[in-house]
Structures are given as structure tokens and as C-alpha cells.
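**Q** To start, I am sharing the structure in question, which I have written as C-alpha cells.
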Amino acid sequence: ENQANWAIPQMPGEIFAVYTYQDTEDQNGRAFIGLPRHKGSLGVTADQAWGWATLAADGVGRRRDSSAELPGYVTCSAVLGWRAQPWLSLYARGENLLDKAHTDANGFSSDTYTSQPLSVFIGAEATY
């Protein structure tokens, strides 16, 4: 896995890129089921004293499943966080913002497991 971060001149933020290359094989010399060879993210984060915001695109390459080769896909996500206290941060996170369907796994009985739809989560992080 490799990651690169670039500071944005005269802005309180950065652009980031993450890339993972996985060269996996089972005992028969075939790629492990469900693991893509390539995956990565590209995004931007703005960070202020009051909080932060991140917007990212995450890509997963094609991968072998038990009965088929599944195509790759790209999803978008965002996080908005607020530093409520020096020890407490609150955040909202959205995943699959474009609500694009893709297949995560295939071939279990007659079922096909599809991606989670547009989802929003809220959370808190306390440090002590």
C-alpha cells in the first residue's frame, strides 16, 4: 500500500492518493476469491480549528469470485467533522453518495450480494 499527501498552497488542507496492489494466489495459483489486484482512493481534506471535511472517490478493481469475475467499481464518500471540545469530536459520514449499485460477492447459493446503498452515519470520538 502506498499513500501520498500534497498540501494545498495557502489553504488549510491537502489532497491525498492511496493505492494498493495485491498479488495473491491460492494453492492452485489462482487469485484469492474476492480480492482485487488494484484498489485505491483519491480525495481532498480541508482542516480548520473548528473541524474538518473530506471528500473522496474509492475504486476497487475487478476480482474473481467463486463463479464469475466481478467488475470493478468506484464509490464516493464524504465526512464532515466538528471539534465540539478539545476532547470530543462529532462527525457525519456519507458513503456511496451517488447511490451506485455494484456486486460485492456472487455465487453463494442463488443469492447475489449487492453494495450498500447511499448511507449516512453519525458518530462521536472522545479522547482522554
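**Q** Of the listed peptides 54-66, 21-33, what is their order by residue-averaged count of other C-beta atoms within 10 Å, with the highest listed first?
**A** Packing order, densest peptide first, comes out as 54-66, 21-33.
**Q** Can you give me the Kirkwood hydrodynamic radius for the chain, using every pair of distinct Cα atoms, in Å to one decimal?
**A** Mean inverse Cα-Cα distance, inverted, gives 17.0 Å.
**Q** Share of the chain's accessible area from carbon and sulfur, percent, 1.4 Å?
**A** About 57 percent, which is the carbon plus sulfur part of the accessible surface.
**Q** Would you kindly compute the Cα radius of gyration of the stretch 36-107 and its largest Cα-Cα separation (Dmax), both in Å?
**A** When restricted to the Cα atoms of the stretch 36-107, Rg and Dmax are 16.3, 51 Å.
**Q** Counting only heavy atoms of the protein chains, get the accessible area per residue of the chain (1.4 Å probe) and round it to a whole Å² value. Each step should come with its number before you reach the end.
**A** Numbers: 8870 Å² over 128 residues.
Per-residue value: 69 Å².
The values are calculated or read from the model by the stated rules, or taken from the named source; none is laboratory data. What you see is a predicted model; the values in this text were computed from it and never measured. We place every Cβ from the backbone using ideal geometry, glycine too, and count neighbours over all the protein chains shown. Quick note on the areas: whole protein, heavy atoms, side chains included, nothing else; ligands and nucleic acids left out. Shrake-Rupley method; radii C 1.70, N 1.55, O 1.52, S 1.80 Å.
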